[in-house]
1. Rounded to the nearest 5, what is the percent of antiparallel bridges among the DSSP beta bridges in the chain?
2. Roughly how many debye, to the nearest 20, is the charge dipole of the chain about its Cα centre, given +1 on each Lys and Arg Cβ, -1 on each Asp and Glu Cβ, and no other charges?
3. In percent, how large is the relative contact order of the chain, given Cα pairs closer than 8 Å and 6 or more residues apart?
4. Name the aspartates and glutamates eligible as straight-distance cross-link partners of K265: C-alpha to C-alpha under 16 Å, and not fewer than 8 places from it in the same chain.
5. For the range 32-152, with equal point scatterers placed on the C-alpha atoms only and solvent neglected, what are the log10 I(q)/I(0) values from the Debye formula at q = 0.16, 0.18 1/Å, to two decimals?
6. Take the alpha carbon atoms of the range 95-115, find their center, do the same for the range 120-195, and report the distance between the two centers in whole angstrom.
7. Taking the Cβ of each residue in D111, D180, D95 as the centre, tally the other Cβ atoms inside 10 Å and list the residues starting with the fewest.
8. At a Cα cut-off below 30 Å, give the lysines reachable from K192, other chains included and same-chain residues fewer than 8 away excluded.
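Coordinate-derived values only; no laboratory data. Just so you know, these numbers come straight off a predicted model, no measurement behind them. In this analysis, Cβ positions are derived from the backbone assuming ideal geometry, glycine residues included, and neighbour counts consider all displayed protein chains.
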Amino acid sequence: RAASEGRRWMTYDPAELENAEWKMSLLARLDQAVEHGEIWVAYQPKVEMATGRIIGAEALARWSHPEKGEVPPSQFIPAAERSGRIENLTAHILDSAVAATASIHRAGHTDFSIAVNLSARLLDSPSLLTMVADTLARHAMEPRHLILEITETTAMTSQDGIVQALEKLSASGVRLSIDDYGTGFSTLDYLKRIPADEIKIDRSFVSMLEKSQSDRIMVHSTIQLAHSLGRRAVAEGVENAVVLNELRLMQCDYVQGYFTGKPMKFSALMETLPSLEKR
Ligand code: C2E
Ligand code: CA
Ligand code: CA
Ligand code: CA
């Protein structure tokens, strides 16, 4: 057994090599892609359960590569994180998303809020606070309309430094969301300590809700936990009416998913928002 394992790491797996090459070639072009405007933002509507209204959207990064076509974020975000390019990329996405939201406000939807994904690695960055504040100032947007989503798994690994960074962001007026909740290892103490306004339940628990009793229990108890801590609960990955209805009975506050709206271009989002009567 030992011999065959020894041999295994000496041989090349062509698929793996190709994959590594592909990622290297993507990375090499990432900075240029930002400059050339190949990285754009898709917006997925976030719906308020009680009213059925679109009260905001999540900004999701997209890369239209001139040769490779549409590259999903799972192919370039982790690589950007590892290679020190995530700050530049986030600054670009944040600026696009905040600019888009400011124009939604100007169109009369003054309560619309935008959620931007924040790599937990950036919580260590000394320039994060000014990057966020400068972007909001540039577009004259109030901080309370910006929600930063931070993944539970990554945020969990650090202690006081992370909590302090989150406290500073919260004190600046932006809101925080714990993303992919249920996939990490949050303790109740951690949930209590971090100043998050919402808990976003991972879609792996939500999408099969109608078929799985254990997922139903997990989702329901998370909603109750969020409420007892004074936080809002968001369910992502809502793909059909049955799940939506179950979430309604569980008093989930907000929903996101293909059923209520797929990620879309900014122009499509504008068309999806109800037109406001001119007075
Ligand atoms: P996420 O933050 O958990 O985003 C939700 C993902 O689920 C998105 O995938 C979205 O398109 C997808 N989704 C939404 N509704 C449904 C549904 O009903 N069913 C199914 N099956 N999927 C649904 P996407 O856009 O491919 O993004 C993947 C991940 O990449 C995101 O997961 C997030 O972690 C990361 N990401 C995307 N944009 C950014 C960004 O600007 N910065 C950072 N740091 N990460 C980003
Ligand atoms: Ca997210
Ligand atoms: Ca998520
Ligand atoms: Ca996710």
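1. Given both bridge residues lie in the chain, the antiparallel proportion sits at roughly 40 percent.
2. Numbers: 30 positive and 37 negative charges, 77 e Å.
Using only the charged Cβ atoms, the result is roughly 380 debye.
3. 17 percent
4. E38, E58, E70, D95
5. Summing over Cα pairs of the range 32-152 leads to -0.80, -1.00.
6. 20 Å
7. Taking fewest neighbouring Cβ atoms as first place, the list is D111, D95, D180.
8. Reachable lysines: K46, K168, K200.
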